[in-house]
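The structure appears below as structure tokens.
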Amino acid sequence: GYRLVDVPDRLSPLELAPLLSTHDLGQSIHFHESLPSTNEAAFRLAQDGAEHGEVVITEQQTAGRGRRGRTWVSPKGLNLYFSAILRPELPPQRAPELTLVAAVALAEALREADAEALIKWPNDVQIGGRKVAGILTELSAEPERVHFVVLGIGVNLNAGPEDFPPEVATTATSLSQALGRRVNRALFTASLWGRLEEWLDLHHEVGFDPVRERWKELSATLRQEVLVRTDRSELRGVAEDIDASGALMVRTAGGSLERVLAGDVE
Ligand code: BT5
């Protein structure tokens, strides 16, 4: 019979394709041993007409991107780095919902692997308060119409503390650190893409409400004291809710309810 333990821990289309249960996502896979950034490569492919669901994946990034010019540390052969090209039928102002869709899929895939993953608003997934995954969504749009979205996801799967620079090692973790055993990256990737496609389909068909409900169940942020820094201000309070568009609602000490947009936070 077929033994899961025999699945090679490689991310090339040859290994990944037979494991996939998805219809759109990953039906076309652009695999690279090394890239500056999968988001950068996917953005260029999308500009050249790549289709919904095409994915760029790599073993290593030499200039992995976080938000606001920050870096995503991307050591070779240990983790998962990919970017999916999406062409959603959404007005541009609703595109940020896709970051929350991705966070829900990520938390569920990590939980399916037996880790107690929770979502930290807006774009982190944590295990035990440490960052295990990050999401970077980039948009190309006109005022009325989304051309495409590049959904970039980095997940620490087999990296140990020694694979990160000291300042990241103190705040990061990986799935294998949490479980105490190696993780098969190909199997995890197939599971994550399956979840991602399910949630993207539900979001497309039903809208943001079911995403929002699931997000709240998986949130590490709600009901907690938060300090939110934006370009303009610093806000301290208790995170009470996310609203119908995914903005965080924070109750301040003064009693007012403030709305914080994901795109504004540091
Ligand atoms: C993010 O940014 O969390 C978004 C990360 C998205 C990475 C993926 S990988 C595939 C795709 N291609 C790309 O080029 N990017 C995407 P941000 O919230 O700004 O968090 C960045 C911060 O997290 C850094 O400043 C570090 O403090 C920390 N960090 C960097 N690398 C990390 C890692 N591997 N694990 C945990 N924390 C990390």
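The values are calculated or read from the model by the stated rules, or taken from the named source; none is laboratory data. Every value quoted in this text rests on a predicted model; they were computed, and no experiment measured them. So basically every Cβ, Gly included, is an ideal-geometry build from the backbone, and we count neighbours across all protein chains shown. Protein only, heavy atoms only, side chains kept; ligands, DNA and RNA dropped before computing areas. Shrake-Rupley method; radii C 1.70, N 1.55, O 1.52, S 1.80 Å.
Structural remarks
- Just one residue in the set Asp9, Asp48 is open to solvent by 50 Å² or more (accessible area, probe 1.4 Å) and either under 19 Å from Gly154 (Cα atoms) or over 18 Å from the mean Cα position of the chain (by Cα) (or both); that residue is Asp48.
Conditions tested, residue by residue: (1) open to solvent by less than 10 Å² (accessible area, probe 1.4 Å); (2) under 18 Å from the mean Cα position of the chain (by Cα); (3) aromatic (Phe, Trp, Tyr); (4) within 16 Å of the ligand (Cβ to nearest atom).
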residue: Asn158; (1), (2), (3), (4): no, yes, no, yes
residue: Pro165; (1), (2), (3), (4): no, no, no, yes
residue: Thr170; (1), (2), (3), (4): no, no, no, yes
residue: Ser174; (1), (2), (3), (4): yes, yes, no, yes
residue: Arg185; (1), (2), (3), (4): yes, yes, no, yes
residue: Gly207; (1), (2), (3), (4): no, no, no, no
residue: Arg212; (1), (2), (3), (4): no, yes, no, no
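- Qualifying residue in segment 124-131 (condition: over 24 Å from Ser12 (Cα atoms), more than 15 Å from the ligand (Cβ to nearest atom) and open to solvent by less than 10 Å² (accessible area, probe 1.4 Å)): no
- Any hit, segment 219-233, residues being outside any loop (DSSP other than H, G, I, E, B), closer than 20 Å to Ala102 by Cα and out of contact with any strand residue (DSSP E or B) (no Cβ under 9 Å at 6 or more places or on another chain): no
- If the condition is being farther than 10 Å from Gly154 by Cα and in contact with a Ser or Thr (Cβ under 7 Å, 6 or more places away or on another chain), then segment 62-75 contributes Thr62, Ala63.
- Scanning segment 27-46 for any residue that is more than 14 Å from the ligand (Cβ to nearest atom) and at pLDDT below 95 turns up at least one such residue.
- Any chance Leu118 is under 16 Å from the mean Cα position of the chain (by Cα), open to solvent by 10 Å² or more (accessible area, probe 1.4 Å) and farther than 19 Å from Arg67 by Cα: yes
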